[in-house]
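Visitor: This is the structure I want to talk about, given as structure tokens.
The values are calculated or read from the model by the stated rules, or taken from the named source; none is laboratory data. Not measured: the values here are computed from a predicted model. Here the Cβ is made from the backbone with ideal geometry for all residues, glycine too, and neighbour counts use every protein chain on show.
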Amino acid sequence: AADGAPTTDPQAAIDGIILPMAGHKGYAIAAMVDMMSGVLTGSGFLSAVHSPYKTAEKSNCGHFMMAVNIEAMQPLAEFNARMEEFIAEIKSVPLAQGYEEVFYPGEMEARNDARNRRQGIEFPDDTITDLKRIAGETGLQALLPLD
């Protein structure tokens, strides 16, 4: 049974993920995203998109951006209040065992961005070593301190 917990059992994974999230609406949203980011942009779609972690083949992944004029649909204050209500409902769902919080889309990234702006971005030591080496080999001066 699907209980929201990670699994290493292949059959449990198949049983838990065989249907798109949110049934027919989730399927429709996934299809629209693939149409806009794949078909519309001339990039890969469906099975023609490959893992970005396999360096032997191009991922063929496309991207689609959209801007919406919220005030053309409703006053901004009303939208903001409704978004707060939307987020509160998402965060109020029962938690899966072993989890302390539910995140809404983009929340973790926003938190990481705020932390990085306050504290800077951490790089592994080997990355810093490589950057210093490349700067030395190319004669480029580092724009930021690498120590």
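Residue by residue, here is whether (1) at pLDDT below 85; (2) touching a Phe, Trp or Tyr at 6+ places or on another chain (Cβ under 8 Å); (3) among the charged types (D, E, K, R); (4) not in a loop (DSSP other than H, G, I, E, B) holds:
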| residue | (1), (2), (3), (4) |
| --- | --- |
| ALA1 | yes, no, no, no |
| PRO6 | yes, no, no, no |
| ALA13 | yes, no, no, yes |
| ALA28 | no, no, no, yes |
| MET36 | no, yes, no, yes |
| LYS54 | yes, no, yes, no |
| GLU84 | no, no, yes, yes |
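Visitor: Can you give me the number of residues within the stretch 94-120 that are over 27 Å from PRO6 (Cα atoms) and exposed (fewer than 10 other Cβ atoms within 10 Å of the Cβ)?
Guide: 3
Visitor: Is it true that ALA96 is out of contact with any Leu (no Cβ under 8 Å at 6 or more places or on another chain) and assigned to a loop (DSSP other than H, G, I, E, B)?
Guide: Yes: the conditions hold for ALA96.
Visitor: Follow-up question, since we're still on this one. Is it the case that some residue within the stretch 56-70 is closer than 27 Å to THR7 by Cα and not in a helix (DSSP H, G or I)?
Guide: yes
Visitor: Looking only at the stretch 61-115, count every residue that is touching a residue at least 40 places away in the same chain (Cβ under 8 Å) and under 30 Å from VAL49 (Cα atoms) and tell me the total.
Guide: Total satisfying the criteria: 0.
Visitor: Right, something else. Being among the hydrophobic types (A, V, I, L, M, F, W, C) and in contact with a Cys (Cβ under 8 Å, 6 or more places away or on another chain) is the filter here; which residues of the stretch 28-59 pass it?
Guide: Scanning the stretch 28-59 gives a single hit, VAL49.
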